[in-house]
Each structure stands twice: as C-alpha cells, then as structure tokens.
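Working notes for the structure below.
Just so you know, all these numbers are worked out from the coordinates, no wet-lab data involved. Remember, it's a predicted structure, so these values are computed and weren't measured experimentally. With ideal geometry, Cβ positions are generated from the backbone for all residues, glycine too; neighbour counts draw on all protein chains shown.
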Amino acid sequence: MIANNTCKDFPSVKLLVINVYQYNTAYQKTIDLIKEVDPDMFFLVETDQKWADSINVFKETFNYQIEKPLDNTYGLLFYSKLEIHDPKIHYLIKEEIPSIELDIKLATGQMIKVYGIHPEPPVPSENPDSTERDAEILKVGKKVKELSTPCIVIGDLNDVGWSYSSELFLKTSGLLDLRRGRGLYNTFHAKYFFLRWPLDHIFVSEHFTLGQIRRYRNVGSDHFPIGCTLYLEKSRENEKLEVCDGDMDKVDEKIAEAEK
C-alpha cells in the first residue's frame with residue numbers, strides 16, 4: 001500500500017489529525033505545526049471555544065470548516081482547503097458526543113466520504129465498559145460498508161488498532177488500517193515514553209495507496225499528532241480482514257446494548 005512513482009500522478013489528499021487536549025493552552029504550537037505540515041485538511045478533537053478562536057487564523061487559507069466547539073472535551077474542528085459537501089454533525093450514541101460526516105470534492109471532481117469521530121473511552125469510575133465507544137465506532141463501520149465511493153475515517157478512537165473492537169470495525173467497514181505492517185505510530189501518552197499506545201487513527205478504503213504516514217512532534221497535548229498523504233489509486237497490496245461467521249451479529253448486539 002506504499003506509493004510508487006506512478007501513483008504520484010494520481011489525485012492526493014494530505015491530512016492531519018490531532019487530539020489537542022482541551023486544557024492545553026499552547027495554541028501556537030498546534031498552529032505552527034499545521035502551517036509547517038500544510039495539509040489539505042485537518043481534524044482537531046477536544047476543542048472548546050478558546051481552541052476554536054485560536055484556530056480562526058486558518059479561515060483564510062482553509063475556506064471550508066465544520067466547527068462544534070464544546071467544553072466537555074468532545075468538541076470538534078474540521079478545516080479543509082478542498083470543497084466540503086453535505087456536512088453533517090451526528091450524535092450517534094450520546095447527545096453530548098458529536099461526530100462529523102461530509103464529502104470532500106477533489107480538483108478532479110472525485111468525491112471522498114470522510115467521517116471524524118471521538119467516542120467516549122471506558123472510565124472505571126464513570127463508564128466502566130467499552131459499550132458506548134464500541135457502538136459508535138461500529139455504527140460508523142456499518143455506514144461505510146454501504147458505500148462504493150472512497151472513504152476515510154479519522155479521529156481519536158480511544159482504542160488500539162489490534163483490539164477485538166477495532167478488528168470488528170475493520171471487518172464491518174472493509175476499511176484498511178494504515179499502520180498494519182508499518183509500525184505502531186503510538187500517539188498516546190505523549191508525556192510518558194514508557195507508556196504509549198496507538199489511539200489516534202486514520203482508516204481508509206481500498207481505493208487509496210499510502211504515500212506517507214507520520215507521527216509529528218508534541219504540541220503540548222497528551223497525544224501526538226498523526227498525519228498521512230494518500231493517493232487515490234488502489235494498491236495491489238491492500239488486504240481487508242475477512243468477516244467471520246457471527247461478526248455482524250456481534251456488531252448489532254453491541255449497538256443495541258448501547259442504545260438501550
């Protein structure tokens with residue numbers, strides 16, 4: 001799934017994903033990184049109004065935005081240089097936890113579906129199991145499964161890529177994990193080098209070939225930023241996880257349990 005020279009003749013998308021940590025006030029570090037990376041689009045989570053005000057500096061260069069700042073650590077900001085079509089803000093499981101769905105139009109006219117999510121993590125004192133998190137991820141997976149167009153799912157999923165739930169999501173959606181076969185690219189915890197996991201993800205449909213994936217420097221958050229360049233050209237190396245008997249029943253069970 002790594003791009004060769006011929007892939008570089010195809011349309012590309014460069015994106016950046018950052019959990020900024022809502023209480024991080026080093027706004028300029030994130031601003032400087034976005035300027036340096038110069039992505040086509042970026043997705044920031046844990047963004048309150050202060051973060052939204054700080055990121056306003058990009059509105060002249062990123063003409064399309066979806067903004068849902070919140071004070072509960074589930075705010076979202078999505079900025080794009082590419083045209084956004086049919087933007088939606090969903091509340092898939094809980095009314096206080098938003099996610100986004102949109103179409104991006106490339107210069108060639110090709111449309112790409114993008115989902116941005118940040119589901120609730122398991123918290124022993126508040127939410128001891130992963131039911132709500134898993135259900136939100138899997139609901140997106142079911143939506144993706146119905147698509148025939150190129151698709152990207154991004155965000156802090158509060159789950160590692162090798163967990164049962166993550167693999168069930170990949171089976172359900174048919175998407176590919178860019179990390180597989182390339183490394184962990186651990187994004188959390190940025191401040192403890194001995195205790196890190198890959199929680200921030202970029203999943204893509206088989207329509208893409210990877211140009212580059214990179215974890216970027218710390219911007220004052222407890223998460224490292226992660227980004228990639230994708231070429232809209234299917235790679236022969238793309239391998240989906242196979243759906244096993246009972247997988248789809250398990251998906252429906254998890255969603256139903258969370259929606260009780």
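Spacing of the modelled spin labels on T25 and K142, each 7 Å from Cα toward Cβ, amounts to 4.4 nm. When the Cα positions of M248, I213, V45 are compared along the charge dipole of the range 5-258, I213 comes out farthest toward the positive end, with charges on each C-beta of Lys, Arg, Asp and Glu. By a straight-distance test (C-alpha under 25 Å), which lysines pair with K50 as possible cross-link partners, with residues fewer than eight away in the same chain excluded? Within the straight-line limit of under 25 Å, K50 reaches these lysines: K29, K35, K59, K68, K81, K88, K94, K191. Simple rule: put +1 on each Lys or Arg Cβ and -1 on each Asp or Glu Cβ in the range 5-258, find the dipole, and look at T149, G75, V57; the Cα lying farthest toward the positive end is V57. Our estimate of slack between E36 and H189, defined as 0.36 nm per intervening residue step minus the Cα-Cα distance, is 52.8 nm. The charge dipole of the range 127-230, taken about its Cα centre with unit charges on the Cβ atoms of Lys, Arg (+1), Asp and Glu (-1) only, comes to about 400 debye. In a fully extended conformation the segment linking R196 and E83 would gain 37.1 nm over its present Cα-Cα distance, using 0.36 nm per residue. Per the Debye calculation on the chain with a single equal scatterer at every Cα and no solvent contribution, log₁₀ I(q)/I(0) for q = 0.07, 0.12 Å⁻¹ amounts to -0.22, -0.67.
If R0 is taken as 30 Å, the Cβ-Cβ distance between W162 and E60 corresponds to a FRET efficiency of 0.15.
Helical content of the chain, expressed as a calculated mean residue ellipticity at 222 nm, amounts to -6500 deg cm²/dmol (DSSP H runs of 4 or more residues, -39,500 (n - 2.57) each, divided by residue number, nearest 500).
Based on Cα contacts under 8 Å between residues 6+ apart, the chain shows a relative contact order of 22 percent. Once both labels are positioned 7 Å from their Cα atoms along Cα-to-Cβ, the gap between E96 and M248 label points is 3.6 nm.
Basic side chains Lys and Arg get +1 at the Cβ, acidic Asp and Glu get -1 at the Cβ, and with that the dipole of the chain about its Cα centre reaches some 940 debye.
Near the amide H of T73, within less than 5 Å, lie no amide hydrogens of residues on another chain or at least 5 residues away, with H placed in the peptide plane. Across the range 108-115, rounded Karplus estimates of 3J(HN,Hα) from the backbone phi angles (6.51 cos²θ - 1.76 cosθ + 1.60, θ = phi - 60°) give 7, x, 5, 9, 10, 7, 10, 10 Hz, Gly and Pro being marked x.
Here K35, K139, K171 are placed in order of increasing Cβ neighbour count within 10 Å, fewest first, which gives K35, K171, K139.
When each of W197, W51 is scored by the number of other beta-carbon atoms lying within 10 Å, the sequence from fewest to most is W197, W51.
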